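These notes concern the structure reproduced below.
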Amino acid sequence: MARIVVVTSGKGGVGKTTTSAAFGAGLARAGYRTVVVDFDVGLRNLDLIMGCERRVVYDFVNVINGEANLNQALIRDKRVDGLEILPASQTRDKDALTFEGVQSVLETLASTHDYVICDSPAGIERGAHLAMYFADDALVVTNPEVSSVRDSDRVLGLLSSKTRRAEQGDEPVKEHLVVTRYAAARVGKGEMLSIEDICEILSIDLLGVVPESTAVLNASNAGVPVIMEDKTDAGQAYDDIVSRYLGEARDHRFLTEKKGLFGRLFKG
Amino acid sequence: MAVNASAGAAFELKGRMAPFTVLQVGTAEIDAVLGQLDARLAQAPDFFAGMPLVVAPAEGVSLDGATLEALVGGLRERALLPVAASGLPAETAAVAGLGLIRNLEASRSGSGESGRRDTPARAAPGAARVVTQPVRSGQQVYARGGDLVVTAPVSAGAELMADGHIHVYDTLRGRALAGVQGDENARIFCQSLKAELIAIAGQYRLSDQIDAGLRDAPAMAWLRDGELELNAL
Ligand SMILES: Nc1ncnc2c1ncn2[C@@H]1O[C@H](COP(=O)(O)OP(=O)(O)O)[C@@H](O)[C@H]1O
Ligand SMILES: [Mg+2]
């Protein structure tokens, strides 16, 4: 039985899809059968970031409506063995996802994979709720700014009250903090919140910090999960995140502004 | 599986009861009453949900059976729990399906010598609500009839309410309202004061009215002669 991991944030544009793609690819690279599910119906872009947009025939909504079966809709990644994606529909609206439909798709995926990664849409409405409802773990993606932290806090409240685990009184959803687009220089100038501030406000475990990096845009333009770009700072940060999630102890990096040789060599 | 009725006592009389709130109705215009109630409900839905109410007309207001019935229906639609009426003829109450509490004042302060006549509903001893999980933005926790004890952080955008005291053994960033039924002896204690708003029995202070010297440190809020006071702890 797989673990279901939701990648969520409340706020849009913070890096959920980037994180879902990198995290999913990292788990698959580590040997786990992994599927990344795009819950952002109407705004699908997971397939773009993962470079398989031209291979989308059927999508999540088709499966829920019984117009296609899961095997027809799942897309196998060409670079990483054991990585699949279930694309969202570009043309339907958000209400196309039904509770029973989502439950049945996730249960089927969970029985044939080790990890099911749910890339949540922004907001705290229906789509975001369905994406988190069945989760065992949550990656809460936050940018170092007040509004993003506040939205993540809101989402943490929902994770502890509006999920299957909460409603059934099971062990709570395991919450992990992922801070992305972290610009140490701007933190130093007081323009952004520091990691310490964010951790203090949200009081959950820090899984990792991904620096603001041009490597992310380059990778998404190339349709490659940024974790595959081993030489980049963001790629390494995501590799740390996957390893820590799998239980390995690794020191946090990219927390301070380093203008050393290392930093310059590997910049974007 | 059938319940075996002879296996034990079929019922027990429990001495303690939940405090109820008297809804004193100042007008027979039910729409006005419900309209104002809706405004209050919008502010604090959790506070009112399931609240046991005794409906009583204010002095000089007369409610007939049909009016009372309409009011009770409106209250139930709003998830309130009208349990009885008072200050009305029994027949009127019966029309609305309510029982009658004959002497409300006596039963309100009936629990012994401590019950001063207009003492608001106060915490039954030991009726504290303990919260060990963080209270997040958008969440509201209400300890009805007692104290609220929180052993985790309270986020900005979260709201704590209690009929009695509020204790926060962590950082208080959100709003804290103690003595919400009017108990002026209620207090608020917290380990680190960063609150957006502090209120006791309706007397409140916003974050920018809180002395910088008191912020980020252990503090207590209480009413001295009806005025909100904040002290370092
Ligand atoms: N670490 C990063 N450094 C720079 N840009 C980033 C980083 N993470 C995400 N971005 C950019 O931010 C934008 C939003 O990212 P995305 O993953 O789509 O967010 P979400 O799914 O939360 O809406 C994209 O343009 C992406 O390239
Ligand atoms: Mg996205």
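Bear in mind these aren't lab numbers, they're just calculated from the coordinates by the rules spelled out. Remember, it's a predicted structure, so these values are computed and weren't measured experimentally. Here Cβ is always computed from backbone atoms with ideal geometry, including for glycine, and neighbour counts include all displayed protein chains.
Tell me, yes or no, whether the range A:61-75 has at least one residue that is under 24 Å from residue A:246 (Cβ atoms) and within 16 Å of ligand 2 (Cβ to nearest atom). No, there is no match, as no residue in the range A:61-75 is under 24 Å from residue A:246 (Cβ atoms) and within 16 Å of ligand 2 (Cβ to nearest atom). Inside the range A:149-168, residues that are at the interface with chain B (Cβ under 8 Å from one of its Cβ atoms) and among the polar types (S, T, N, Q) make up a count of 2. Please go through the range A:188-214 and pick out each residue that is buried (at least 16 other Cβ atoms within 10 Å of the Cβ), of a type outside the set (A, V, I, L, M, F, W, C) and within 8 Å of ligand 1 (Cβ to nearest atom). Listed by number, the residues that qualify are A:211, A:212, A:213. Restricting attention to the range B:151-167, the residues that are within 12 Å of another protein chain (Cβ to nearest Cβ) and not in a loop (DSSP other than H, G, I, E, B) add up to 2. All conditions in (1) closer than 20 Å to residue B:139 by Cβ; (2) within 16 Å of ligand 2 (Cβ to nearest atom) hold for residue A:180, with the sole exception of (1).
Here residue A:120 fits the description: under 29 Å from residue A:52 (Cα atoms) and surrounded by 16 or more Cβ atoms within 10 Å (Cβ to Cβ).
Screening residue A:43 on (1) in contact with a strand residue (DSSP E or B) (Cβ under 9 Å, 6 or more places away or on another chain); (2) within 13 Å of ligand 2 (Cβ to nearest atom) shows it passes everything except condition (1). Of everything in the range B:131-150, what is assigned to a loop (DSSP other than H, G, I, E, B), away from chain A (no Cβ under 12 Å) and either acidic (Asp, Glu) or without any contact (Cβ under 8 Å) to a residue 40 or more places away in the chain (or both)? Give them in sequence order. Correct list: B:146, B:147. For the range B:205-218, the set of residues classified as surrounded by 15 or more Cβ atoms within 10 Å (Cβ to Cβ) and under 24 Å from the mean Cα position of the chain (by Cα) consists of B:205, B:207, listed by residue number. Against the numbered list (1) closer than 23 Å to residue A:245 by Cβ; (2) touching a helix residue (DSSP H, G or I) at 6+ places or on another chain (Cβ under 6 Å), residue A:196 comes up short only at (2). A single member of B:135, B:141, B:149 is crowded, with 24+ Cβ neighbours inside 10 Å and either more than 19 Å from the chain's Cα centre (by Cα) or more than 17 Å from residue B:205 (Cα to Cα) (or both), and it is B:135. Residue A:217 falls short of the stated requirement of being buried (at least 21 other Cβ atoms within 10 Å of the Cβ) and not small (Gly, Ala, Ser). Residue under question is residue A:8, and the condition is that it be closer than 17 Å to residue A:127 by Cα and buried (at least 16 other Cβ atoms within 10 Å of the Cβ); does it hold? Criteria met by residue A:8.
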